[in-house]
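Asker: Sharing a structure below in structure tokens format, with a few things to ask.
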Amino acid sequence: MAEAEEDCHPDAVRAGDDDETESPAETDLQAQLQMFRAQWMFELAPGVGSSNLETRSCRAARGSLLKTADTKGKQELAKEEKARELFLKAVEEEQNGALYEAIKFYRRAMQLVPDIEFKITYTRSPDGDGVGNSYIEDSDEDSKVADLLASFQQQLTLQESALKLCQPELESSQTHISALPMEVLMYVFRWVVSSDLDLRSLEQLSQVCRGFYICARDPEIWRLACLKVWGRSCIKLVPYTSWREMFLERPRVRFDGVYISKTTYIRQGEQSLDGFYRAWHQVEYYRYIRFFPDGHVMMLTTPEEPQSIVPRLRTRNTRTEAILLGHYRLSQDTDNQTKVFAVITKKKEEKPLDYKFRYFRRVPVQEAEQSFHVGLQLCSSGHQRFNKLIWIHHSCHITYKPTGETAVTAFEIDKMYPPLLFARARSYTASSERPL
């Protein structure tokens, strides 16, 4: 009996040991069970449904996305900062003459951020020694030089109480141009522009000094130039910010040269008397169109080279035969295409009366007026602006005076009408006849 009790006692001891070893697992299980019951009771409570659970899940997902985006943003910033350091290091190596090392740093920087060169603007720091200190991002200087006209005006105002546009570089006993009043100087600048609208010379004159730069940017000069080109259609400045911007950006024909085109074709000749061969002729001729600021236009078709014809087209009083004179106007369609329409006629020459045959009866000739209507599209090509004219219309109108009838003949625009390209002639603006 005692042995039996002894045998049972070790089993009880082992069972107790097993209970002690399983107690942590049971405790964890009990805790999970309590959490499940609490969650279950919370879901069964009134006013709490699946929408709240979905809201919680959405919030949790949104929080995880924000954390991911924040992490990516930090990584991008770190990558850009590393690329910036490598780029500035490459700049330093290049300045020291180590081009091979500089290329390696440039390559590593662009592998991290391909457009790192355009993301930093750097300038030398007065007290910097290291790479990070030798170059600093600078935006103040750019803002100071953004409006050059306002900067020059401010500098001239701070120099003296009496405003002087320029100062003599060397002392001289002669009167300097700075002694002239502002009104006289502006009148001189209007002579520079002249009635030929030579704004190119005005821009070159603005490079002399700060005072001349201010005079060349006078809004009244550019306003008068715009009125001379477009007339009443440019009363409103919108959408441009200044009269100068309107003159430079708005499509217009150019006056300091000639629009020229060259036409070449092969023409079959007559057969020889023996019928052995037939000649072929290569025909070449030029078209010249010259515009004036006052609305006049000249057109000439001739086989002569530009070297001999361009100097003759400087003024409208040329004595060149077969020249056509007329007026033109600019038209801008809804598709933002600028077109030039012109009506030209042959120059009338007054012939002296011949009294030798005044007693003979002359056969009456039917009088008729002939005019040509031309339509061209204005466009730009290459680096130059408004230097190309494309044919869109060409017709001949013959009006018989006795009957008043008009016969119209329209020409087909084909390869015989190549585009006209602008050629600048310096002699056209070498002298001024009248001020602006």
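Asker: Anything in region 180-214 that is within 27 Å of the chain's Cα centre (by Cα) and small (Gly, Ala, Ser)? List them, or say none.
Answerer: 201, 206
Asker: Here's another thing I want to ask about it. Can you tell me how many residues in region 249-274 are more than 29 Å from residue 307 (Cβ to Cβ) and loosely packed, with under 14 Cβ neighbours inside 10 Å? Step through it out loud before you land on a result.
Answerer: Of region 249-274, the ones more than 29 Å from residue 307 (Cβ to Cβ) are 249-251, 268, 270-274.
Of the ones still in play, those that are also loosely packed, with under 14 Cβ neighbours inside 10 Å are 249, 268, 270-274.
Qualifying residue count, region 249-274: 7.
Asker: Could you list, in sequence order, the residues of region 177-207 that are without any contact (Cβ under 8 Å) to a residue 12 or more places away in the chain and within 27 Å of residue 424 (Cβ to Cβ)?
Answerer: 188, 204, 206, 207
Asker: Continuing with this model, one more query. Return the residues of region 256-314 that are over 21 Å from residue 384 (Cβ atoms), among the aromatic types (Phe, Trp, Tyr) and part of a loop (DSSP other than H, G, I, E, B); say none if nothing qualifies.
Answerer: If the condition is that a residue be over 21 Å from residue 384 (Cβ atoms), among the aromatic types (Phe, Trp, Tyr) and part of a loop (DSSP other than H, G, I, E, B), then 276, 277 are the ones that fit.
Asker: While we're looking at this one, here's another question. Return yes or no: is residue 226 touching a Leu at 6+ places or on another chain (Cβ under 7 Å) and assigned to a helix (DSSP H, G or I)? Even if it seems obvious, please write down each step before you answer.
Answerer: On the way: touching a Leu at 6+ places or on another chain (Cβ under 7 Å): no; assigned to a helix (DSSP H, G or I): yes.
For residue 226, the condition - touching a Leu at 6+ places or on another chain (Cβ under 7 Å) and assigned to a helix (DSSP H, G or I) - is not met.
Asker: Can you find a residue in region 275-296 that is closer than 15 Å to residue 325 by Cβ, open to solvent by 70 Å² or more (accessible area, probe 1.4 Å) and not aromatic (Phe, Trp, Tyr)?
Answerer: yes
Asker: Pairs needed: first member in region 413-436, touching a residue at least 24 places away in the same chain (Cβ under 8 Å) and over 20 Å from residue 301 (Cα atoms); second member anywhere, in a helix (DSSP H, G or I) and open to solvent by 40 Å² or more (accessible area, probe 1.4 Å); C-beta distance under 6 Å; at least 6 residues apart or different chains.
Answerer: 432/191; 435/190; 435/191; 436/190; 436/224
Condition check ((1) farther than 30 Å from residue 232 by Cα; (2) of a type in the set (A, V, I, L, M)) across all residues:
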| site | (1), (2) |
| --- | --- |
| 260 | no, yes |
| 275 | yes, no |
| 282 | yes, no |
| 295 | no, no |
| 312 | yes, no |
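Asker: Let me ask you something else. Can you find a residue that is open to solvent by less than 30 Å² (accessible area, probe 1.4 Å) and without any contact (Cβ under 8 Å) to a residue 24 or more places away in the chain anywhere in region 237-248? Lay out the reasoning, then the answer.
Answerer: Our first condition is that a residue be open to solvent by less than 30 Å² (accessible area, probe 1.4 Å); within region 237-248, this holds for 246-247.
When the remaining residues are screened for being without any contact (Cβ under 8 Å) to a residue 24 or more places away in the chain, the result is none.
Checking region 237-248: not a single residue is open to solvent by less than 30 Å² (accessible area, probe 1.4 Å) and without any contact (Cβ under 8 Å) to a residue 24 or more places away in the chain.
Asker: Regarding region 62-79, can at least one residue be identified that is at pLDDT 55 or above, open to solvent by 60 Å² or more (accessible area, probe 1.4 Å), not β-branched (Val, Ile, Thr) and not in a helix (DSSP H, G or I)?
Answerer: Among the residues of region 62-79, not one is at pLDDT 55 or above, open to solvent by 60 Å² or more (accessible area, probe 1.4 Å), not β-branched (Val, Ile, Thr) and not in a helix (DSSP H, G or I), which makes the answer no.
Asker: I'd like to check something: does region 208-220 contain any residue that is open to solvent by 80 Å² or more (accessible area, probe 1.4 Å) and in a loop (DSSP other than H, G, I, E, B)?
Answerer: The answer is yes, given that some residue of region 208-220 is open to solvent by 80 Å² or more (accessible area, probe 1.4 Å) and in a loop (DSSP other than H, G, I, E, B).
Asker: Tell me which residues, restricted to region 379-395, are in a strand (DSSP E or B), of a type outside the set (Gly, Ala, Ser), under 15 Å from the mean Cα position of the chain (by Cα) and closer than 14 Å to residue 423 by Cα.
Answerer: In the first step, residues of region 379-395 are kept if they are in a strand (DSSP E or B); the result is 379-381, 384-395.
If we keep only those that are of a type outside the set (Gly, Ala, Ser) as well, we get 379, 384-394.
Next, only the ones that are under 15 Å from the mean Cα position of the chain (by Cα) stay: 379, 384-386.
Those that are in a strand (DSSP E or B), of a type outside the set (Gly, Ala, Ser), under 15 Å from the mean Cα position of the chain (by Cα) and closer than 14 Å to residue 423 by Cα: 384, 385, 386.
Asker: If you scan region 215-233, which residues turn out to be at pLDDT below 85 and over 24 Å from the mean Cα position of the chain (by Cα)?
Answerer: Correct list: 215, 231, 232.
Asker: Is there any pair with a first residue in region 302-318 that is without any contact (Cβ under 8 Å) to a residue 40 or more places away in the chain and a second that is part of a helix (DSSP H, G or I) whose Cβ atoms are under 8 Å apart and which are 6 or more apart or on different chains, and what are they?
Answerer: Within 8 Å, the pairs are 302/309; 318/312.
Asker: Out of region 250-293, which residues are more than 25 Å from residue 421 (Cβ to Cβ) and of a type outside the set (Phe, Trp, Tyr)? Even if it seems obvious, please write down each step before you answer.
Answerer: At the first step, the residues of region 250-293 found to be more than 25 Å from residue 421 (Cβ to Cβ) are 268-281.
Selection gives 268, 269, 270, 271, 272, 273, 274, 275, 278, 279, 281.
Asker: For region 165-207, what are the residues that are outside any helix (DSSP H, G or I), open to solvent by 30 Å² or more (accessible area, probe 1.4 Å), under 21 Å from residue 436 (Cα atoms) and touching a Pro at 6+ places or on another chain (Cβ under 7 Å)?
Answerer: In the first step, residues of region 165-207 are kept if they are outside any helix (DSSP H, G or I); the result is 165-176, 180-181, 194-198, 206-207.
So of that shortlist, the ones also open to solvent by 30 Å² or more (accessible area, probe 1.4 Å) come out as 167-176, 180-181, 196, 207.
With the extra rule that they be under 21 Å from residue 436 (Cα atoms), the set shrinks to 180-181, 196, 207.
Passing the criteria: only 196.
The values are calculated or read from the model by the stated rules, or taken from the named source; none is laboratory data. Worth saying up front: this structure is predicted, and the values here are computed from it rather than measured. Virtual Cβ from ideal backbone geometry, glycine too; neighbours counted across all protein chains shown. With ligands, DNA and RNA removed, areas are computed over all heavy atoms of the protein, side chains included. Shrake-Rupley method; radii C 1.70, N 1.55, O 1.52, S 1.80 Å.
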